[in-house]
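Take a look at the structure set out below.
The values are calculated or read from the model by the stated rules, or taken from the named source; none is laboratory data. Given the structure is predicted, the values throughout are model-derived calculations rather than measurements. So basically every Cβ, Gly included, is an ideal-geometry build from the backbone, and we count neighbours across all protein chains shown. Side chains are part of the model used for accessible areas, which takes the heavy atoms of the whole protein and leaves out ligands, DNA and RNA. Shrake-Rupley method; radii C 1.70, N 1.55, O 1.52, S 1.80 Å.
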Amino acid sequence: SDIHWTYKEGALDQMHWATKYPACGGKKQSPIDIQRRNVRFNQNMLQLELTGYDAQKGNFRMINNGHTVQIDLPPSMKITKGLPGQFTAVQMHLHWGGLDLEESGAEHTIDGSRYMAELHVVHYNSDKYKSFSEAKDKSDGLAVLAFVYDYGHFENTYYSDFISNLEKIKYAGQSMNISSIDVLSMLSENLSHFFRYEGSLTTPPCFESIIWTVFDTPITLSHNQIRKLESTLMDVDNKTLWNDYRIAQPLNDRVVESSFM
Ligand code: 1SD
Ligand code: ZN
């Protein structure tokens with residue numbers, strides 16, 4: 001069938017993903033609720049080394065794919081230390097909530113509370129696999145860096161271009177090229193405090209292939225910036241694209257580790 005998956009509406013909403021995508025019913029799914037009192041501090045956990053994350057010039061595609069806004073990243077961006085092997089960046093995208101309902105839209109929750117939005121920087125294991133598509137369904141295939149967003153008092157000027165570009169890719173399928181990107185500046189300031197666990201893609205087909213690193217320090221955006229993120233893009237049905245997050249999945253027998261006490 002060509003019924004399209006959705007978050008909340010229609011026949012294939014998130015409660016029913018597993019009927020078409022069996023992995024979505026697995027035991028190591030994402031996102032999860034991170035419970036601080038249950039995480040295990042791992043003092044041997046290595047800090048991440050991010051190479052090529054600073055300002056890059058080139059031609060990068062920014063696309064409204066109907067589920068999110070995605071920026072394709074250059075292969076010169078890599079995680080060179082801190083994970084089992086080298087992981088090469090592929091793309092980054094966001095998940096957010098809804099303006100009307102004032103609903104928050106991060107995917108990972110922390111002690112049950114949900115931040116406004118969440119950034120995912122997706123990488124594949126380039127030591128073992130030739131491409132993202134080869135890696136995406138392998139248990140050691142992918143690594144995602146996740147950052148939550150919170151309200152701040154000031155405009156985050158590292159997001160100004162990104163936010164104003166949303167207008168230009170309003171409709172599902174639209175894309176544009178951007179000529180520079182500075183991902184490092186778009187992350188949180190504290191990269192040393194994070195949680196780590198093994199999980200899955202948070203969208204169908206939900207492959208259990210991701211080493212998740214969820215940072216503790218939120219990135220802040222102004223109210224205006226968050227409002228624009230929540231209200232500018234349209235989905236495939238030409239409705240406002242919002243609340244594109246999956247609810248927390250059972251932890252089952254997994255343990256979440258932390259890099260800090
Ligand atoms: O939602 C994304 C999806 O768009 C795609 O990027 C996938 C990687 O193939 O990853 C998921 S997520 O788990 O990074 N949300
Ligand atoms: Zn995502």
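Observations on the structure shown:
- The mean sequence separation of alpha-carbon pairs under 8 Å and at least six residues apart, normalised by the residue count of the chain, gives a relative contact order of 28 percent.
- Loop-located trypsin sites (Lys or Arg not before Pro) in segment 25-117, at most 15 other Cβ atoms within 10 Å (DSSP): LYS27
- Contact order normalised by residue count of segment 65-205, Cα under 8 Å, 6+ apart, percent: 17
- Percent carbon-and-sulfur accessible area, the chain, ignoring ligands, DNA and RNA, probe 1.4 Å: 50
- Alpha carbon centroid spacing (whole Å) that separates segment 136-166 from segment 111-130: 9
- Relative contact order for segment 1-148, counting Cα pairs under 8 Å that sit 6 or more residues apart, in percent: 17
- Neighbour count of at most 11 Cβ within 10 Å plus DSSP loop: longest GluC sites (Glu not before Pro)-free window in the chain: 10-101
- Cα gyration tensor category, rounded, prolate or oblate, for the chain with a/c compared to 1.5: rounded
- Cα centroid separation - segment 1-59 against segment 63-109, whole Å: 10
- Per residue, the chain exposes 47 Å² of accessible surface when a 1.4 Å probe is rolled over the protein heavy atoms with every protein chain present.
- Compactness of segment 152-261 - radius of gyration and Dmax, Cα, Å: 16.7, 46
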